[in-house]
1. Of the options A:Ile168, A:Pro235, A:Ser341, report the single residue whose Cα projects farthest towards the positive end of the charge dipole of chain A (beta-carbon charges: Lys, Arg +1; Asp, Glu -1).
2. A 24 angstrom limit on the alpha carbon distance is what I want to check against. Which of A:Lys366/B:Lys342; B:Lys133/B:Lys163; A:Lys449/A:Lys527 exceed it?
3. Summarise the partner chain shielding of A:303-315 as one whole number: the mean count of Cβ atoms from other chains within 10 Å of each residue's Cβ.
4. What's the extension gain from A:Lys497 to A:Lys462 if we count 0.36 nm per residue and subtract their Cα-Cα distance?
5. Report the dimensions of the protein assembly as shown along its three principal axes from the alpha-carbon atoms, largest first, rounded to Å.
6. Shielding by partners for A:317-326, please: the mean number of other protein chain Cβ atoms within 10 Å of each residue's Cβ.
7. Report the full-extension gain for the segment A:Tyr98 to A:Met611: residue separation times 0.36 nm, less the Cα-Cα distance, to one decimal in nm.
8. Would you list, by chain and number, the lysines whose Cα falls below 21 Å from the Cα of A:Lys533, excluding same-chain residues fewer than 8 positions away?
Amino acid sequence: SQTKKSLFSDPRSVWFISSPSCVMFLWHTVKWADSLLIFITFSVRSQDIRNTVGNIPMEWYKDYPHIGYDLEGKKIFKPIRNKDELDEFLDKMENPDYWRTVQDKMTGADIRLSDEQVDLVHRLQQGKFGDVNFNEYEPAIDFFSNEVMIHPVTNRPQDKRSFIPSLIEKEKVGKLVHAIKMGWIKPHRPKETTPQYYDLWAKEDPNSILGRHKMHIPAPKMKLPGHEESYNPPPEYLMSEEERLAWEQQDPEYRKLSFLPQKFACLRAVPAYSRFIHERFERCLDLYLCPRQRKMRVNVNPEDLIPKLPKPKDLQPFPTTQSLVYRGHSSLVRSISISPSGQWLVSGSDDCTVRFWEVSTARCLKTVEVGGAVKGVAWNPNPSICLVAVSYDDTVVLLNPGLGDRLVCTATDQLISSYEEPEEVKDQPVQWAVAEGEGHEQGHRLILKHPKAVRQVTWHGKGDYLACVMPDNGNSLQVVIHQVSKRRTQNPFRKNKGLVQCVSFHPIRPYFFVATQRYVRVYNLIKQELTKKLMANCKWISSMAIHPGGDNVICGSYDCRLAWFDLDLSTKPYKVLRHHKKALRSVAYHRHYPLFASGSDDGNVIVCHGMVYNDLLQNPLIVPVKVLKGHTITHDLGVLDVTFHPTQPWVFSSGADGTVCLFT
Amino acid sequence: MSQVQARFFTENKKYLIDDVPFSIPAASEVTDLSAVINKLLEAKNGHESVQLCVVCVCLQEDVVEIEYVEKFTAPQPEECIMHDDWISSVEADSEWILTGSYDKTARIWSMEGKAVMTVAGHTDVVKDVAWVKRDGLSSLLLSASLDQTIMLWEWNSERNKVKARHCCRGHAGSVDTVAVDPTRTKFCSGSWDKMLKIWSAESNEMMPRKKQKTEQMGLTRTPLMTFSGHNEAVSSVLWMDAEELCSASWDHTIRLWDAETGGQKNAITGSKVFNCISYSPLCRRLASGTTDRHVRLWDPRSKDGSLVLLSLTSHNGWVTAVRWSPSHEHQLVSGSLDNVVKLWDTRSCKAPLYDLAAHEDKVMCVDWTENGLILSGGADNKLYTYRYSACVSDAGA
């Protein structure tokens, strides 16, 4: 019962015991204890052989004619007792041995006690020893008293062996000494090095499961009973009829009180609480589900999650101020290009002229007139060739400006004049002609007549190949590649998909980039296949520039976006910048510095820091650093072309206001 | 009104006054201080009144120490010489002004602004000019051009004839700068092809072996020595002394060279493109004009290189020309793309002494002669000269 009590006093063990297996265990325990008790009883009465039923209440046999069984298994019948009260009384009066007659319970027979037996009963009743001969008052004789006598009890002299050392002991000691000498026994056993006690928590990991004790959360406490739980609450806690109805209609989950306060006259009249088990169970559930561990919530400032962009101040050098304005054109300047040495700048304008400028002084050194509004100019990137490709209408002219090293200029002229016609003339889509007369005086060297208007010209890095774009919807001949040294023209694409906007050569590898309105296609010129198709996610690409490393491309679009593609990363833009308010007209990369610029119709040039890392795991870092304003908006057109100085962190921009600006 | 204790001092012995503290009103202006000093000077030695200006004020134990110097009079404009085209360079000596122009000629002018001679012979823009020497009536002069040559001319001022003596060929780019060494026997040229070349400046009368076209172009001359080391175009070159060369370049460095061995001695690294440099033997400082509108002063002897001593900031455009005063150790003149020529005193680096805003277009070149003439030429085809007399008197004093 003690166990049961302690078990039930803890609410958790109620939950425990409610499982059937535990109940079964208790039941078995009780059964086992009972059978043990019976066994002990049997063993005590085993010598009583008159009746074999054992120590059982004899009244079990009171309805039977027998009272048990003898050793042979035969029934022991009860003696016939048909005496009534009167007979009993007469027997008592007449039978002189009545008083010494007793009934044997086991056999039911009457036994007449003998005189010795009666005498024994009498003696026991009187509190005397049963044995008649036992004298309880015999005189006591002390053999060994406290008195010291003169003579000893025994006078035997001490043995000799009590004076000489024991041989057996000597032998034993000798063996031990020998064993110690031989080192078999260590006289001083070295102490046990293992400490008797050890630090239980020495190696404990604070983060392990034990660590939670540090973050101990005590079990939630139950609410203490209030006045409404009293058996005799103040009347304001008792519910009125409406309140009680409302309480009953409420969902038990939303009830404010889980019970109805009731009033009883006295504590004795309080009935058993019907919801006791239910509430205990709910309490157990609460304990089971309550949090046992304190979880540290990480407090993160959302500002910290934004990657830290370096300040533009730390990313210098980049162009910051307008330094020079190249004035001279009377109409919008569509295109500019800079010589590979960085000393000269060429600009082509709608006033049908091409002007050559000295970069450091903004001096126009040369003006060449051509037969139409100039759409594109491109200076040959090879420093050993002095040629400028100029496109107007359906013509591309290769000009020798005669600037820079005189030797290079004459060598270029020689290179062009030394061309020999091949024996078999191929049919080419473009007519090549050598400029003569006045045109030659002005610097015209080769004239290429195209079937359609040429919009863009661009050189290959080696300076021998020249690509021209003739945008025409739905026609095959949109891009042609010329080889100047052999005066040969190739049409690389039998069929162009979409309207080609601009093309570019890869700076290192034999790839060719073709930008249509929505896509940039990258072709491998050696394998003659499409390598990649970049999706710009914009309506209409206007311009494109290839990073000098060759793995990154930026595209400007007429819907104010600049998309940066990482060719290793994806065919979708790595980043899209929407800094301009109006359509982008031109984008450019710097050859050495991590800079790129974009010119837009809103008259601004935005310079961004675009760092490309050699580490393939690190994505390019793009930080806009400067908005350069210098052009006035004319006919809703602002900046038409941007280009970087080849060695200095300077950017040139040409605008619709007929000027070219240098920002340093 | 509160009073402060002030003590005046000067380094100019001519205007020395007693070293006694004075009590002056705290709200005194420069003119008030000038009046006080003038009164004191008058009382002392009956000196005529001079304009003085306060240069430096320092506080010591509640006595304000005020240094005063003579106030320079503003440069007086003298002449405006019109050219046919942009003026790329100017160099004047005591008698004649030599200018190089974008019309492919160099011109000689008298101090009064009279055109004396037009030196034509280059096939392209003349970028720099220099006087070599003068023996009596005949002078030697140099002109460097975009056509990659430097021409050595002999000019006879009496007969007013100019003759091409030598045509120095060897550069593979436009020759942007030329400088004659102090012994007047050699000159150095810097070019866009990143090279510095040293040439002999002697005018050999030796007849050519072949009858070349000596009448027109002069004998072809090849360089004595070539210095390579710059990574970009050389924009300006000068001689520090007979053995040491200094060159500024677009690669953001100023390099010092040993003219005898051809080795590089020192390099000063800036952060922007150097357009021009000037060296003053008086204060042993280099002044540089860069593309970031500062005039910077450097110590060419400092071994750690990139130490800027001072930076003079007031221009709004690239500083295209800078020139130290030949007679005053603190003054220099600078010209910029913002059309202004500024006269600086390095002791007051916050603001220039004078702004000479006569040009209507980019200033391309400035010069300062020993007799106190400041010249500036620019893209408005005009060459202005200014008389700056104060510096002569100061030098005399």
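1. Highest projection toward the positive end goes to A:Ser341.
2. Working: A:Lys366/B:Lys342 32 Å; B:Lys133/B:Lys163 15 Å; A:Lys449/A:Lys527 29 Å.
Over 24 Å apart, Cα to Cα: A:Lys366/B:Lys342; A:Lys449/A:Lys527.
3. On the way: counts 0, 0, 0, 0, 0, 0, 0, 0, 0, 0, 0, 0, 0.
The mean count of partner-chain Cβ atoms within 10 Å per residue comes to 0.
4. Values: separation 35, 0.36 × 35 = 12.60 nm, distance 2.79 nm.
Here the segment from A:Lys497 to A:Lys462 would lengthen by 9.8 nm.
5. Here the spans come out as 202, 95, 93 Å, largest first.
6. Values: counts 4, 0, 0, 1, 6, 1, 8, 5, 1, 0.
Mean partner-chain Cβ count within 10 Å for A:317-326: 3.
7. 171.4 nm
8. A:Lys495, A:Lys497, A:Lys572, A:Lys575
Every number here is computed from the coordinates shown, using simple stated rules; none is lab data. Computed from a predicted structure; not experimentally measured. Because the Cβ atoms are built from the backbone with ideal geometry, glycine has one as well, and the counts that use them run over all protein chains shown.
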